[in-house]
Amino acid sequence: MKSLKKIICAVLSIIMLFCFFCISSAAEETQIRNVIFMIGDGMGYNHLRLAEQEGYTLFMEQGADLAGWSRTRSASSSVTDSAAGATALSCGIRVANRQVCVFPDDTHPGETPRIITENAARHGMHVGIVTSDKTTGATPAAYSAHTSSRDNEKDISSQQLSSGFDLIWGANTSTVTASQAEANGFVYVTNVSGLRALEPGTRSFGQFPSDGWKLSPSKSTPTLEEMTRKSIELLSADAANGFFLMVEGAHIDKISDDTLNNAVDYPSKRADTAEAVKSFDLAVQAAAEFARADGHTMVIVTADHETGDLYYEENTMEYTFHSSGHTGKNVPVFVYGAADLFAEDAAMDNRDFPNLIAARLGWEERFPVADPVPAEPTETPDNDTEKPAKQTLWQRIAAFFRKIGDFIRRLFRR
Ligand SMILES: [Zn+2]
């Protein structure tokens, strides 16, 4: 009788232990391996409403697992430009307008702030940059270069070519040639058929026509959605340590930025803005669909600033532009694949994003991280770039229990 009691006790203990692992594993955060960070340049909340007024149905807000706000400003102004705005998002610091990933006011002589893409590469992640702007635009620059001014396009291109990143795609610029790209180990692509032919394992530099923001661009131009899908396909292949992808929809800003009263055709400005929002929205949907299917990918969508001071006009019942430039308004944040990244409707600082991502990926680094300025700007990253970060004992134990939990859940699902 005693031995029967012992057996029952043992069986019950094992069942309880299994239940505990399942519950604790389910309650834990989803293990994120891949990050897709998407920037709708100049996209305020009312840009979404304007696009809907123009007849588009949007995925972005309705499909999000979590929504919040980002406070935008730079070190030099309450209204940021794209260079300082993207630097806050990529390096976790505020710099003066026009600066790209440098410490402001000589606070760190001989050092540069590490870009989140550089940190991702150090952790062995694949890295990609995709934009509908030229590849030297302020936003892609802030994910791939350090320079005192966004106007230093040659310097930006030179650093991108030596970055070691897996893909850099955007509208063409005169500062990158096919031979330069190929000399740095990139396949050089200039049209949609070249893009479609790219195979996993190849690094590529894309220089496309500049109408990729449109829903139906010229035949040789990939849309932002196609670039997003293809870049995910390439980066996710053989990505043992995951990937980091930045996607920018640049033309929400460019069109909203047009001077209000300089004979711009106002209805077509509204229509073009709405088309740029929809084009970006399709790219977001593509990324979110991948995240949902993958289960270990987090997509964050936000803007560097608002452009155009769009608000609702009672008498016309329309969302209308009230500025010809950037504003200091808070911009929306949408998350897919990590519903607990922050509290619903929270307002964050634009500098907060690198550390939100770092914490979720289990990185030990906290931004801003200061690195010595390389002796030669064209040098390749050091040998550490290929080494994944070492996990602590607790991280290894947590990963082990997560695997057991995943296994049990799969058993019950069958
Ligand atoms: Zn911008």
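Of the residues making up segment 92-132, those that are out of contact with any Cys (no Cβ under 6 Å at 6 or more places or on another chain) and β-branched (V, I, T) are I93, V95, V100, V102, T107, T112, I116, T117, V127, I129, V130, T131.
From the set of residues in segment 189-216 that are of a type in the set (V, I, T) and in a loop (DSSP other than H, G, I, E, B), which is surrounded by the fewest Cβ atoms within 10 Å (Cβ to Cβ)? Can you show your working first?
To start, the set of residues in segment 189-216 that are of a type in the set (V, I, T) comprises 189-190, 192, 202.
This time we only want the ones that are in a loop (DSSP other than H, G, I, E, B), so: 190, 202.
Details: T190: 16, T202: 14.
So, considering only residues that are of a type in the set (V, I, T) and in a loop (DSSP other than H, G, I, E, B), the one surrounded by the fewest Cβ atoms within 10 Å (Cβ to Cβ) is T202.
Here K219 fulfils each of the conditions (1) touching a Leu at 6+ places or on another chain (Cβ under 7 Å); (2) surrounded by fewer than 24 Cβ atoms within 10 Å (Cβ to Cβ); (3) in a loop (DSSP other than H, G, I, E, B) apart from (1). Residues of segment 325-347 that are touching a Leu at 6+ places or on another chain (Cβ under 9 Å), among the aliphatic types (A, V, I, L, M) and within 16 Å of the ligand (Cβ to nearest atom): V333 alone. Residue-level check: of (1) touching a Leu at 6+ places or on another chain (Cβ under 8 Å); (2) outside any strand (DSSP E or B); (3) touching a residue at least 60 places away in the same chain (Cβ under 8 Å), L356 misses just (3).
Has segment 66-84 got any residue that is away from the ligand (no atom under 16 Å from the Cβ), crowded, with 21+ Cβ neighbours inside 10 Å, in contact (Cβ under 8 Å) with a residue 12 or more places away in the chain and not in a helix (DSSP H, G or I)? No, that holds for no residue.
Considering segment 131-165, the residues that are in a helix (DSSP H, G or I) and of a type in the set (A, V, I, L, M) include one that is surrounded by the most Cβ atoms within 10 Å (Cβ to Cβ), namely A142.
Apart from one condition, I252 fits all of (1) in a helix (DSSP H, G or I); (2) at pLDDT 95 or above; the exception is (2). Residues in segment 96-115 that are β-branched (V, I, T), closer than 14 Å to S74 by Cβ and assigned to a loop (DSSP other than H, G, I, E, B): V102 alone.
The values are calculated or read from the model by the stated rules, or taken from the named source; none is laboratory data. None of the values given here were measured: they were computed from a predicted structure. All Cβ positions, glycine included, derive from the backbone under ideal geometry; neighbour counts span all protein chains shown.
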